[in-house]
Amino acid sequence: MSRSQSYNEFLQNNQPARHSVTLLRFAAVFFVAFTLLQWAYQALNDTASYRFFIEMLTVRPSAAFISLIAPGDGVIAQAHRLVWQSGRLSVLNGCDGAEAMALLIAAFIAIAGSFRMRLTGVVIGVLMIYGLNQGRIVALYFAARHDKALFELIHGLAGPLVIIALACLFFAWWIGRDGPEAPV
């Protein structure tokens, strides 16, 4: 036999003002964290760290993956560019997935939860975004070679939108996997 909930228990369990404050706190911390991450990333522009991230961690793996798929295309990594006999594709600030990574990291900074849960979410999420962005760069290469209109669609809209949407879905799944109440 279950007992009915008292009015005080009902009020305690359904506090919209508390949820609003929690949501505002999340939004404020998220905004500050994202702004600081973006500022730090922009400060790295044209430094050895930035070039390492673009050239070694983004362009070279993309060139290697393209060479596995289409070895006859002769794609090589040359600084921040993918180069082949009849063209090249520059990978610059904004093409590296850093903004999506910053969005995800800021969300995990803003969310309530254990440090371990948040750190694990960040690591897995950033690796997921990195892999998705590598796939996007490979798709951009093939689109640049075969269909300029498709290149523009992948570059300017579909690629970034898919990566950000999947990052948001990952975040929602990660924080909600212990139950329906997300610890915001």
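The values are calculated or read from the model by the stated rules, or taken from the named source; none is laboratory data. Everything quoted here is computed from the prediction, not taken from an experiment. Cβ sites come from the backbone with ideal geometry, for glycine too, and all protein chains shown count toward neighbours. Accessible surface areas use protein heavy atoms only, side chains included; no ligands, DNA or RNA. Shrake-Rupley method; radii C 1.70, N 1.55, O 1.52, S 1.80 Å.
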Of everything in the range 83-100, what is in a loop (DSSP other than H, G, I, E, B), small (Gly, Ala, Ser) and either touching a Ser or Thr at 6+ places or on another chain (Cβ under 9 Å) or modelled with pLDDT of 95 or more (or both)? Give them in sequence order.
Gly97
Quick one: in the range 64-82, of everything that is out of contact with any strand residue (DSSP E or B) (no Cβ under 7 Å at 6 or more places or on another chain) and assigned to a strand (DSSP E or B), which residue is nearest to Gly159 (Cα to Cα)?
Ala77
Which pairs do you get when a residue that is free of Cβ contacts under 8 Å to residues at least 60 places away in the same chain and open to solvent by 40 Å² or more (accessible area, probe 1.4 Å), found in the range 111-137, comes within reach of a residue that is in a helix (DSSP H, G or I) and among the small types (Gly, Ala, Ser), reach meaning Cβ atoms under 6 angstrom, with the pair 6+ apart or on two chains?
none
Does at least one position in the range 84-99 carry a residue that is open to solvent by 40 Å² or more (accessible area, probe 1.4 Å) and touching a His at 6+ places or on another chain (Cβ under 7 Å)?
yes
Take the residues of the range 83-101 that are of a type in the set (A, V, I, L, M, F, W, C) and under 22 Å from the mean Cα position of the chain (by Cα): which is nearest to Phe142 (Cα to Cα)?
Leu89
Which condition does Leu44 not pass, out of (1) touching a residue at least 60 places away in the same chain (Cβ under 8 Å); (2) open to solvent by 70 Å² or more (accessible area, probe 1.4 Å); (3) in contact with a Phe, Trp or Tyr (Cβ under 6 Å, 6 or more places away or on another chain), if it passes all the others?
(1)
Applying the selection to the range 17-41, what residues are closer than 25 Å to Arg118 by Cα, at pLDDT below 90 and of a type outside the set (Lys, Arg)?
His19, Ser20, Val21, Thr22, Leu23
